[in-house]
Each structure stands twice: as C-alpha cells, then as structure tokens.
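The values are calculated or read from the model by the stated rules, or taken from the named source; none is laboratory data. Since this is a predicted model, take the numbers as computed values, not measurements. Cβ coordinates were reconstructed from backbone atoms using ideal geometry, including for glycine residues, and neighbour counts include every protein chain displayed. For the accessible areas, the whole protein counts, side chains as well, though only heavy atoms, and no ligand, DNA or RNA atoms are used. Shrake-Rupley method; radii C 1.70, N 1.55, O 1.52, S 1.80 Å.
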Amino acid sequence: MGLASAYAHDGVRLYGIIDAGVAHYDGLNAGTAAAPRAQSITQMVSGGQSPSRIGIQGSESLGSGNSVFFTVETGFCAVGLDQAGASPSGYCSADGFMQRQSLLGARGAYGKLSFGKMYSMNFIDEVRYIDPFHWGMTGTYSSLSPLFFWGNESKGHLGAVQMVRLNQSIEYATPVIGGWSGGLGYVFNGASSSASAQTRSTGVEAALKYHRGRILFGVDYIELGNLQNFGSGYANGSKASNWKVFGGYRFDAAKLTGLYQRFSIQSMSGSVDSWLVGLTVPRGTNSLLASVAQTRSSMWGLSDARALQWAVGAQHDLSKNTDLYASYARVSNSGGSALAVGDGTSGFLGVPDQSSTGVVVGLRHTF
C-alpha cells in the first residue's frame, strides 16, 4: 500500500462511453456476390451513436510548460454480445483488447509529438468538425466515407484498406497560431494484411487547418504504401491515397459544414470521389442534425457506381454526460454500387442498385 501511494500518478483518469440502443434496417445484403438477397433486421446495438469503450489517460508535468501524456483504450460490447455486422473480434470496435488507441507523447510550447496507434488526422477532421453525426447514429458518414468502407472491393467498396486508426505511427501537431494549425505523420505499419510479419505498409499524412471564430477550412492528405494481399484488383506493393478539402461556417442559429475527398490506388484505374454537406441546429439541450452525402466509384471495373445518403437525427441532453438520440437514414444505389446504412458500431453490405434504410434510438452515457 505504501509503495502504491508513493508512486501514484496524479494525472491519470479512467474514462469511457456506454452506448446501447435498438435499430431496424431494411435492404441489407443477406446473400452472396453471385446471388444477393435483401433482408430486414431489428437488433440491439452496442454503440448506435458512439462505439462503447473504456480507456485510461494520463499526463505528467515536466516543468516549463512541457508534459508527457498517454492514452490506452479498448472497445467492448455494451449489450453483452457482438451484433451482426460489427467487428468479429468480440470487442465490437477495433481489433482487440486495448486496440482502439494506444499512444505515448509529449507536448509543449512548440507543439505535440505522439507515438503509437492513433486516429489519423484525416479521420479527426472529418469526424470532429464536418460530419454532424460524428460518424454515429444511422446518419454516420462512415457508410460512404472513402476513409473506411464496410464491404468488398468487387462492389466498389474499399474492403480492408482503412485510414481511421494507424498502427506504428509518429505524428507531430503544431500549436495553434492565429487560428492556423497543422500536422505531419509517418506510419511504419499503417494497414493490416495477410502478408508475412516482415511486410510493412508504410505511409505518410499531412494536415493544415484554419479554425477561428465562425470560420473553418482545411486540407488533409494521407497515403499508405506497400499494400499486400488486400483482394482482387490490387497489385502487391500498391499505394493508396486520399486527399480532402473541408470547411464550415457557424451562423447564429446553425452550423453548416462540407467536404470533398478522393481516394485512389496506384495500381488501379479510376477513383472513389465523395462529398458531404451537413447541418447542425442546436436548441438548448437539443440538437437537430441533417446531412446529405454521395460517393461515386469508377474503380474495380465500375464506371459510375453511385451511393446517395440523406439522414436526419436528433439528440437530447439529459445531463452533461448522458443523452438520448434518434436518427433515420436512407442510401440509394445505382451503377452497381452496394453501400448500405450503418450506425456508430455496425456496418453492412447492401444489394447492388437497391436502397437501404435504417432507424436507431438509444441512450449514451460518458464518464
């Protein structure tokens, strides 16, 4: 007991999110690529608005305004079992125990330097500033975003290539100067693959943003190279890249945001192009949310595969840490596209050229 007290860390805190809801979906693919078949499901969701998680954060002052910090975080299934469409690992988000985030870093007057598994700057800008649903509820932009698709490359989806959390990363973030901030990152092994342990998908990313008062705009770029065994159409050693421009303006009564981004793979012709326009209307303890987004793919032998999503939702804050939420979304496919509505934790395949819809209601508590 004496040793534990002597070495206790003043800056350590436990945090987390517990999110449980009920969702209903129509138009999900219950068949195969050769024989697609639509189905409807109603299920409990372990994170309709935000994936349930628990983590530990800490920091220690080094003096002169400098400090060291860390974060370790794991997902878990708040409803007790992994639901259909979620991560097969049994943690309902990320790949395993403490695999959502795991990082160590230092900060001071000249910025912040982080090491480990962390969110990409592309992902943070998209989720924190642009998507009014913050990649949650059935309005989540993750169903269409080139950063991460649930699906397979044969239908114009990105399959296993994801640019959300990056393994073995080093990231430098500048301090905010007159509203301007930026960052640079290097990735030693950003993507998972079925290749040997000696194969590394290295990468780089960069971000520049202006955010001051009512105005926001910025640009992001991320690139992962030396991809291995990611499915048909890929050549081993290929490079995948995504660039994004985004912006927003906060009016007195609402906030309007938008983005445009393009994903491509070096060994494949065509690209995946996507845009989003979002609206957030805060009213006291309530927030009304709406978005419209489209993703167009000319990769994997498709010439003009399009998925259009529109969504509406609402959030009611019961307290500082607890809220009720509800949303409805619809995805319409054409040209061979087979995207589908998902939620904050679950993602699904759709039926080519058919629509899917989803509605979710739930309760979220943060601590």
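Going by Cα centres, segment 117-146 and segment 239-272 are how many Å apart?
Using only Cα atoms to place each centre, the spacing works out to 11 Å.
Quick check: at a probe of 1.4 Å, how many percent of the accessible area of segment 15-135 sits on carbon and sulfur atoms?
C and S fraction of accessible area: 60 percent.
When ranked by the protection proxy of mean other Cβ atoms within 10 Å per residue, highest first, what sequence do the peptides 113-125, 51-63 form?
Order by mean packing, descending: 113-125, 51-63.
Measure out, as a whole number of angstrom, how far apart the alpha-carbon centroids of segment 282-310 and segment 323-367 sit.
Here the answer is 11 Å between Cα centres.
Which order do the peptides 256-268, 126-138 take when ranked by the mean count of other beta-carbon atoms within 10 Å per residue, highest first?
Top of the packing list down: 126-138, 256-268.
Name the long-range amide H neighbours of residue 305: under 5 Å, sequence gap of 5 or more, or other chain; modelled H, no Pro or chain starts.
297
Here are some values of semi-axes √(5λ) of the Cα gyration tensor in Å: (i) 31, 25, 22; (ii) 27, 26, 24; (iii) 32, 26, 19. Which one was computed from this structure?
Working out semi-axes √(5λ) of the Cα gyration tensor in Å from the coordinates points to (i).
With charges set only on the Cβ (+1 for Lys and Arg, -1 for Asp and Glu), what does the dipole of the chain come to about its Cα centre, in debye to the nearest 20?
That gives a dipole near 440 debye.
Calculate, for segment 256-315, the solvent-accessible area per residue in square angstrom, rolling a 1.4 angstrom probe over the heavy atoms of the protein chains.
42
In straight Cα distance, which lysines are under 20 Å from residue 244, not counting same-chain residues fewer than 8 positions off?
209, 255
What nm value, rounded to one decimal, do you get for the distance between residue 275 and residue 40 when each label is placed 7 Å out toward the C-beta?
Between residue 275 and residue 40, the label points sit 3.4 nm apart.
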